[in-house]
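Participant: I'd like to ask some things about the structure below.
The values are calculated or read from the model by the stated rules, or taken from the named source; none is laboratory data. As the structure is a prediction and not an experimental result, all values here were calculated from the model. Cβ atoms come from the backbone with ideal geometry, glycine included; neighbour counts cover every protein chain shown.
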Amino acid sequence: MQGKRIVIGITGGIAAFKAASLVSQLVQRGAEVRVIMTQSATQFITPLTFQTLSRNHVFTDTFEERNPKVVSHIDLADHADLFVIAPATANIISKIAHGLADDMLTTTVLATEAPVCFAPAMNVHMYQNVIIQENINRLQSLGYHLIEPGEGQLACGYVGRGRMAEPEVILEWIEWYFQKKACLTGKKILVTAGPTIEPIDPVRYFSNHSSGKMGYAIAEAAEKAGADVTLISGPVAIRPPARVKRIEVKRAIEMREAVMGCLSEMDIIVKTAAVADYRPRNVFDQKIKKDQETLTVELEKNPDIAMEIGKQKRRDQFFVGFAAETENVENYAREKLAKKGMDLIVANQVSIPGIGFGSDQNQVVIYDAEGEVCRLPKMDKKSIAAQIISLIGERMNDC
């Protein structure tokens with residue numbers, strides 16, 4: 001926990017007093033804690049309490065700009081390694097689920113790229129209300145985390161599920177989360193991303209619709225999990241994640257040379273790149289003029305990089321591939337897994353609108369040699385990347 005930057009959001013429920021113990025225990029373990037309170041939360045416990053426990057200023061007002069050099073809610077959003085909302089009322093859950101930002105807490109949550117965890121606290125009937133459950137499911141599908149409330153006597157007099165998890169339970173989850181996030185510490189991982197392009201002449205080429213978003217998300221998640229990341233990328237319009245070594249290539253043959261050149265030193269290989277299967281046999285030196293009604297371009301096969309990796313990888317190397325299919329997804333994916341010596345394959349059907357190439361979201365099924373490992377619902381690619389990296393970490397640590 002030492003040095004971890006944690007933002008605690010506190011909303012208006014009687015369980016707000018439990019957050020004081022959580023903040024205190026986090027600080028004692030070496031975390032740097034910042035607190036944001038809603039106006040309703042200040043009716044249950046004072047900001048001074050949390051200022052004393054966290055040793056930092058407590059934010060309650062979006063327009064309270066103490067430091068003219070920064071915008072407070074953006075600075076807090078960028079500051080966080082983890083965001084925990086405890087207690088999380090029905091109101092805050094519903095607002096975040098629908099992208100509403102009308103106070104300091106909601107604007108900061110919507111601006112952060114850090115993982116966000118909710119610890120709900122409310123009346124049992126509120127918690128069971130179909131609207132609240134739909135909003136919780138929506139948040140989880142978008143990659144937000146949930147610490148389930150406990151059962152027991154509620155402040156309102158009812159007995160049932162709705163008690164905020166005890167501070168010790170939340171603390172245990174936070175510790176587990178950071179341990180899980182560091183699952184690849186000391187490992188070297190190679191990620192390939194984006195398309196390749198195969199020139200026909202100086203102005204034209206063959207390529208595909210890959211945007212590189214999935215591969216870059218994998219690289220970012222791996223770096224956050226403690227890995228030393230090498231990213232071999234085809235031409236994309238994405239900035240590389242911080243602290244990631246990027247090698248830029250264009251053609252499939254260039255990607256093969258880059259991959260094989262560093263394969264032996266890697267512990268993990270994740271091949272997300274959409275490499276061209278064929279290239280023109282002859283590349284014209286000058287631009288082809290459109291003086292013919294038809295044009296025939298003869299193609300020849302590119303090297304199968306995944307096949308070469310599968311044949312050359314050592315027993316202690318872990319190989320993950322991707323299968324973007326338009327039909328018979330499971331059959332093609334499992335065939336590819338076996339044929340190319342992969343340990344895991346991530347399959348998706350790119351013909352479904354709104355997911356796959358170019359989209360910010362995806363929906364995948366992961367297979368190993370035994371069959372289906374897990375099925376991830378439609379969610380943003382960064383959340384899927386985090387799940388994939390977590391799974392790789394589990395498999396590597398079991399070896």
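Participant: Do any residues in segment 10-22 that are without any contact (Cβ under 8 Å) to a residue 60 or more places away in the chain have Cβ atoms under 6 Å from those of residues that are polar (S, T, N, Q) and buried (at least 22 other Cβ atoms within 10 Å of the Cβ), where the two are at least six apart or on different chains, and which pairs are they?
Facilitator: So the pair list comes out empty.
Participant: How many of the residues in segment 76-109 are assigned to a helix (DSSP H, G or I) and either over 18 Å from Q39 (Cα atoms) or in contact (Cβ under 8 Å) with a residue 40 or more places away in the chain (or both)? If you could, list the steps in order and put the result at the bottom.
Facilitator: Narrowing segment 76-109 to residues assigned to a helix (DSSP H, G or I): 76-79, 90-97, 104-109.
From the residues that got through so far, the ones that are either over 18 Å from Q39 (Cα atoms) or in contact (Cβ under 8 Å) with a residue 40 or more places away in the chain (or both) too are 76-79, 90-94, 96-97, 104-105, 107-109.
Result for segment 76-109: 16.
Participant: With M214, M266 as the choices, which residue is touching a helix residue (DSSP H, G or I) at 6+ places or on another chain (Cβ under 8 Å) and of a type outside the set (V, I, T)?
Facilitator: The conditions single out M214.
Participant: Any residue in segment 54-67 that is in contact with a Ser or Thr (Cβ under 8 Å, 6 or more places away or on another chain), part of a helix (DSSP H, G or I) and in contact (Cβ under 8 Å) with a residue 12 or more places away in the chain? Let's see the steps before the verdict.
Facilitator: Residues of segment 54-67 in contact with a Ser or Thr (Cβ under 8 Å, 6 or more places away or on another chain): 59-60, 62, 64-66.
Adding the requirement that they be part of a helix (DSSP H, G or I) leaves none.
Within segment 54-67, not a single residue is in contact with a Ser or Thr (Cβ under 8 Å, 6 or more places away or on another chain), part of a helix (DSSP H, G or I) and in contact (Cβ under 8 Å) with a residue 12 or more places away in the chain.
Participant: Further, regarding this structure: Looking at segment 21-47, which of its residues are within 30 Å of the chain's Cα centre (by Cα), crowded, with 19+ Cβ neighbours inside 10 Å and assigned to a helix (DSSP H, G or I)?
Facilitator: L22, V23, L26
Participant: Further question: From the list I132, I136, I93, which one is modelled with pLDDT of 90 or more, closer than 18 Å to S383 by Cα and out of contact with any Asp or Glu (no Cβ under 6 Å at 6 or more places or on another chain)? Before you say what the answer is, go through the steps one by one.
Facilitator: Values: I132 fails: closer than 18 Å to S383 by Cα; I93 fails: closer than 18 Å to S383 by Cα.
On inspection, the qualifying residue turns out to be I136.
Participant: Here is a follow-up. How about segment 143-154: which of its residues are buried (at least 17 other Cβ atoms within 10 Å of the Cβ) and out of contact with any Phe, Trp or Tyr (no Cβ under 9 Å at 6 or more places or on another chain)?
Facilitator: G143, L154
Participant: Scan segment 244-270 residue by residue and report those that are under 18 Å from S211 (Cβ atoms), assigned to a strand (DSSP E or B) and either hydrophobic (A, V, I, L, M, F, W, C) or touching a Cys at 6+ places or on another chain (Cβ under 9 Å) (or both). Working first, answer last.
Facilitator: First, the residues of segment 244-270 that are under 18 Å from S211 (Cβ atoms): 244, 246, 248-250, 252, 255, 270.
Restricting the remaining residues to those that are assigned to a strand (DSSP E or B) gives 246, 248, 270.
Matches in segment 244-270: V270 only.
Participant: Regarding V71, is this residue touching an Asp or Glu at 6+ places or on another chain (Cβ under 8 Å) and among the aliphatic types (A, V, I, L, M)? Write out each step before concluding.
Facilitator: On the way: touching an Asp or Glu at 6+ places or on another chain (Cβ under 8 Å): yes; among the aliphatic types (A, V, I, L, M): yes.
Yes, satisfied.
Participant: If the requirement is being crowded, with 17+ Cβ neighbours inside 10 Å and over 22 Å from the mean Cα position of the chain (by Cα), which of these qualifies: A80, A90? Steps first, answer last, please.
Facilitator: Details: A80 fails: over 22 Å from the mean Cα position of the chain (by Cα).
Among A80, A90, only A90 is crowded, with 17+ Cβ neighbours inside 10 Å and over 22 Å from the mean Cα position of the chain (by Cα).
Participant: Would you point out which residue out of L154, L171, L184 is touching a strand residue (DSSP E or B) at 6+ places or on another chain (Cβ under 9 Å) and either closer than 30 Å to A221 by Cβ or without any contact (Cβ under 8 Å) to a residue 24 or more places away in the chain (or both)?
Facilitator: Numbers: L154 fails: either closer than 30 Å to A221 by Cβ or without any contact (Cβ under 8 Å) to a residue 24 or more places away in the chain (or both); L171 fails: touching a strand residue (DSSP E or B) at 6+ places or on another chain (Cβ under 9 Å).
Sole residue among the options that is touching a strand residue (DSSP E or B) at 6+ places or on another chain (Cβ under 9 Å) and either closer than 30 Å to A221 by Cβ or without any contact (Cβ under 8 Å) to a residue 24 or more places away in the chain (or both): L184.
Participant: Pairs, please: C-beta under 9 Å, at least 6 apart or cross-chain, first residue within 21 Å of I384 (Cβ to Cβ) and in segment 113-140, second acidic (D, E) and part of a helix (DSSP H, G or I)?
Facilitator: E113/D78; A114/D78
Participant: Condition first: part of a strand (DSSP E or B), assigned by TED's automatic domain parsing to the domain that holds V116 and closer than 21 Å to P149 by Cβ. Can you find one or more residues in segment 10-19 that meet it?
Facilitator: Initial filter on segment 10-19 (part of a strand (DSSP E or B)): 10.
In the following step, the residues that additionally are assigned by TED's automatic domain parsing to the domain that holds V116 were identified as 10.
Going one step further and asking which of them are closer than 21 Å to P149 by Cβ, we end up with 10.
Within segment 10-19, one or more residues are part of a strand (DSSP E or B), assigned by TED's automatic domain parsing to the domain that holds V116 and closer than 21 Å to P149 by Cβ.
Participant: Same structure, new question: Please enumerate the residues belonging to segment 245-284 that are crowded, with 19+ Cβ neighbours inside 10 Å and either of a type in the set (F, W, Y) or farther than 24 Å from P199 by Cβ (or both).
Facilitator: Those that are crowded, with 19+ Cβ neighbours inside 10 Å and either of a type in the set (F, W, Y) or farther than 24 Å from P199 by Cβ (or both): M266, I268, I269, V270.
Participant: Let me ask you something else. List pairs: first residue in segment 286-298 and in contact (Cβ under 8 Å) with a residue 24 or more places away in the chain, second residue charged (D, E, K, R) and assigned to a loop (DSSP other than H, G, I, E, B) anywhere in the structure, Cβ distance under 9 angstrom, at least six positions apart or on different chains.
Facilitator: Filtered contacts from segment 286-298: V297/R281.
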